[in-house]
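Participant: Take a look at this one; I'll ask things after.
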Amino acid sequence: MLNLAKIKEELKTACLGNEIHYFVEVGSTNEVAKALAAKGAKEGTVVIAETQTSGKGRLGRKWFSPKGGIWLSLILRPKIKPKDALKLTLTAAVAVARTIKENLNVNVSIKWPNDVLVENKKVCGILTEGMSEGDEMKFVVVGVGINANFDLAVLPRELWETATTLREVLGRNVDREAIIRSFLEYFEICYNKMLAGNFKHVLSEWKNFASFLGKRIVVSNTKEKMEGIAQNVDEDGSLIVRLEKGDLVKIFSGDVSIRYKN
Ligand code: ADP
C-alpha cells in the first residue's frame, strides 16, 4: 500500500499534489478525476489508486492496472485551447521519462504521443482527457499509468512482447512514493514552462527522449494505413510524417496507432 504521508512530506511542488484523493480500487482514476473536476476540484488535485478495474487507453482500449503499479490522474485547469491538450500529454511523457531516468538510472525513450518505453517496451501509458467550453478547456485530466512493482506475467500474454515493468527491468521493487513525488515535481516544472509560453523547452527535452525520429513507421487508424518516416514533432506537439512520395502529413489526433518498422 502506498504511504501518502511519505509522498506529501517531502513533496517540493507549489500546487501539484496539494490535495490527493487515494483509493484502494477504482474503475479508473481518470473517471474519478473528471467527476471531481466537474464538481470544482482545484488545479493540482491528484487521484491515486492501488488498482483500476477499468483503466482505459486511447480509443477506449483497455489498460491493465494490477496492484503494485502507479495509477494516477492530475486535474489541471490551464487556460488553453482544446488542440493544445496534446502538449500536456507530451509534458507528462517528459516528466515520466525524466523520473525513471533520474531515479532509477534506466535508459528510457518516448513513443509519440503517449508511451514511455524501457528497453523498447511500454512501461507507462498516458491518457489526456478534458472538457471544453467554447474554445477553451474547462479542465484537463492527465492520466498516467506506470508499470512499477509487479511481474510481467500478471499482464495478459499478448502484452508480454510489447510491455515491461520497472520490477522486471531492475529485478527489484522501486520506491513508488519517490517515483510519484519526482513525477509531480518534474511535471509541475514542465507545466509551468508550457503555461509561460515556453513549450519549446519541454519539446526539446521530449525530443531527446524520442528514439523513433528519423525511423520508418506505419501510422494507422480504423480507415487507413500510411507508411513513412517520422520526420519531426512540431511546436504544437503534432507528429510530422514524410510519406513515401515525399508529401508531409501532420498528425494531431489520438486516434492513430504507430508501429515501428525494422
Ligand atoms: P498505443 O500504444 O497505441 O498508444 P494506448 O496508449 O491506447 O495504445 O494504450 C492501450 C494499449 O496498451 C492496449 O491496447 C494494450 O495493448 C496496451 N496495454 C494495456 N495495459 C498495459 C500495461 N499495463 N502496460 C503496457 N501496455 C498495456
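Participant: Specify which of the listed residues (216, 181) is over 27 Å from residue 60 (Cβ atoms), surrounded by fewer than 19 Cβ atoms within 10 Å (Cβ to Cβ) and of a type outside the set (Val, Ile, Thr).
Facilitator: Every option except 216 fails the conditions.
Participant: Can I ask one more? If I go through the stretch 219-262 residue by residue, how many of them are under 20 Å from residue 129 (Cα atoms), at pLDDT 85 or above and within 14 Å of the ligand (Cβ to nearest atom)?
Facilitator: So the answer is 2.
Participant: Tell me which residues, restricted to the stretch 119-135, are more than 14 Å from the chain's Cα centre (by Cα) and in a strand (DSSP E or B).
Facilitator: 121, 130, 131, 132, 133
Participant: Based on what the data block shows, is residue 23 within 16 Å of the ligand (Cβ to nearest atom), touching a residue at least 12 places away in the same chain (Cβ under 8 Å) and not in a helix (DSSP H, G or I)?
Facilitator: no
Participant: To continue, here is another question. Go through (1) crowded, with 20+ Cβ neighbours inside 10 Å; (2) modelled with pLDDT of 95 or more; (3) within 18 Å of residue 101 (Cβ to Cβ) one by one and return the number of the condition residue 191 breaks.
Facilitator: It fails just one condition, (3).
Participant: In the stretch 14-41, what count of residues is obtained for those that are more than 14 Å from residue 54 (Cβ to Cβ), crowded, with 17+ Cβ neighbours inside 10 Å and touching a helix residue (DSSP H, G or I) at 6+ places or on another chain (Cβ under 9 Å)?
Facilitator: Summing the residues that are more than 14 Å from residue 54 (Cβ to Cβ), crowded, with 17+ Cβ neighbours inside 10 Å and touching a helix residue (DSSP H, G or I) at 6+ places or on another chain (Cβ under 9 Å) in the stretch 14-41 gives 5.
Participant: Look at the stretch 163-192 and say how many of its residues are closer than 19 Å to residue 10 by Cβ, assigned to a helix (DSSP H, G or I) and within 16 Å of the ligand (Cβ to nearest atom).
Facilitator: 2
Participant: I need every pair where a residue in the stretch 40-64 that is outside the structural domain of residue 11 (by TED's automatic domain parsing) has its Cβ under 7 Å from the Cβ of a residue that is buried (at least 18 other Cβ atoms within 10 Å of the Cβ) and of a type in the set (Phe, Trp, Tyr), sequence separation at least 6 or different chains.
Facilitator: Listed pairs, sorted by first residue: none to list.
Participant: Follow-up. Filter the stretch 71-94 down to the residues that are part of a helix (DSSP H, G or I) and in contact with a Ser or Thr (Cβ under 8 Å, 6 or more places away or on another chain), then identify the one that is farthest from the ligand (Cβ to nearest atom).
Facilitator: The qualifying residue farthest from the ligand (Cβ to nearest atom) is 82.
Participant: Of these, 189, 179, which one is under 19 Å from residue 106 (Cα atoms) and assigned by TED's automatic domain parsing to the domain that holds residue 70?
Facilitator: 179
Participant: Being away from the ligand (no atom under 11 Å from the Cβ) and surrounded by 24 or more Cβ atoms within 10 Å (Cβ to Cβ) is the filter here, so list the residues in the stretch 119-157 that pass it.
Facilitator: 140, 141, 142, 144
Participant: I'd like the residue in the stretch 42-70 that is assigned to a loop (DSSP other than H, G, I, E, B) and more than 16 Å from the ligand (Cβ to nearest atom) and, out of all such residues, is surrounded by the most Cβ atoms within 10 Å (Cβ to Cβ).
Facilitator: 45
The values are calculated or read from the model by the stated rules, or taken from the named source; none is laboratory data. Bear in mind the structure is a predicted one, so any value in this text is a computation, not a measurement. Ideal geometry is used to build each Cβ from the backbone, glycine not excepted, and the neighbour counts take in all protein chains shown.
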